[in-house]
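Asker: My questions all concern the structure below.
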Amino acid sequence: MKILIRFDDIAENMNWRLMDKSEQLFDRYNIKPILGIIPNNQDKELKSYPKRENFWKIVKKWQSKGWEISMHGYNHLYHNETGHKDYFRYGGKSEFFGETLIDQKNKIQKGLEIFKQNKIKIRSFFAPNHTYDLNTFKALKISGIHQVIDGYGLKPYLNNEIIFVPQLFYKIFFMPFGLQTTQIHLNMMGDKEFNKFQFLIKKNYQNIISYDEALNLLSERILDKFINKIIYYLLIFKRKISN
Ligand SMILES: [Zn+2]
């Protein structure tokens, strides 16, 4: 069992109280999470959280600790309804799905420019609400991004010249096998949920790996690809019956 800690919706406005607590926790257990940063957050709901000054200096400090900084969309505004036609069949609204290749490329490159101005290196991406179409992947590749932290499977896999690092479950629990990537939304957590998260970290910290270690698990074995496919169908089926 290996665990990669992914935090979503990291931006100037967020639940900084729990972010500070998370940082202490990660430092104590030498955990290197992956942080999904929204470069130009315009999401009204997310903007309702407290703002911290010098955000980009803080991001730089996180990167210098060996934490992985990833790009989580551009402005986190949803434009289109996917009607379950998105690449991973999540359904729901999307910042990218259905936009033209040029529009998607422009958004991604404007986002990357913000990171560049702040001297933050970016090599990976994950879209708000897990929603992509084929143009999203084209736009990412044109922009030099070949890693996506999303998808189905128990190990990272290569598809369409992109390394996908799977992210399967919304709830925090840890499977006894494979690589599992969390999806933590501090903004939606109360103290009770955070304590549970803290407890799981303390119990499982020896299994928590860095993003580089996760990338090293990349597998092109046929058996692993077959398992990834089965997980894809199982999870889509599970979502269908629970909807
Ligand atoms: Zn998000």
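Please treat every number below as a calculation from the coordinates, not as lab data. Note that the structure is predicted; figures quoted are calculated from it, not measured. Backbone-built Cβ (ideal geometry, glycine too); neighbour counts: all protein chains shown.
Asker: Which fully enclosed helices (runs of 4 or more DSSP H) of the range 1-84 have 2 or more residues being of a type in the set (V, I, T)? Don't jump to the end; show me each part of the working.
Answerer: Numbers: elements: 16-29, 44-47, 55-64.
The helices (runs of 4 or more DSSP H) meeting that bar are 55-64.
Asker: Out of the range 136-159, which residues are within 21 Å of K116 (Cα to Cα) and outside any helix (DSSP H, G or I)?
Answerer: S143, G144, I145, H146, Q147, V148, I149
Asker: Return the residues of the range 96-125 that are of a type in the set (D, E, K, R), free of Cβ contacts under 8 Å to residues at least 40 places away in the same chain and either farther than 30 Å from K61 by Cβ or touching a Phe, Trp or Tyr at 6+ places or on another chain (Cβ under 7 Å) (or both); say none if nothing qualifies.
Answerer: E99, D103, K105, K107
Asker: Are there any pairs with C-beta distances below 6 angstrom linking a residue in the range 153-176 that is under 16 Å from I230 (Cβ atoms) to a residue that is of a type in the set (D, E, K, R) and surrounded by 15 or more Cβ atoms within 10 Å (Cβ to Cβ), with the two at least 6 apart or on different chains, and if so which?
Answerer: K155/D224
Asker: If you go through the range 70-89 one residue at a time, how many are within 16 Å of the ligand (Cβ to nearest atom) and either over 30 Å from Y233 (Cα atoms) or in contact (Cβ under 8 Å) with a residue 60 or more places away in the chain (or both)? Can you show your working first?
Answerer: Taking the range 70-89 and keeping what is within 16 Å of the ligand (Cβ to nearest atom), we get 70-80, 82, 86, 88.
Next cut, either over 30 Å from Y233 (Cα atoms) or in contact (Cβ under 8 Å) with a residue 60 or more places away in the chain (or both) only: 70-72, 75-76, 88.
So the answer is 6.
Asker: List every residue pair whose Cβ atoms sit under 7 Å apart, with the two residues 6 or more apart in sequence or on different chains, where the first one lies in the range 43-54 and is on the phi < 0 side of the Ramachandran plot and free of Cβ contacts under 8 Å to residues at least 40 places away in the same chain and the second, anywhere, is assigned to a helix (DSSP H, G or I) and among the hydrophobic types (A, V, I, L, M, F, W, C).
Answerer: Taking only residues 6 or more apart or on different chains, the pairs are P50/W16.
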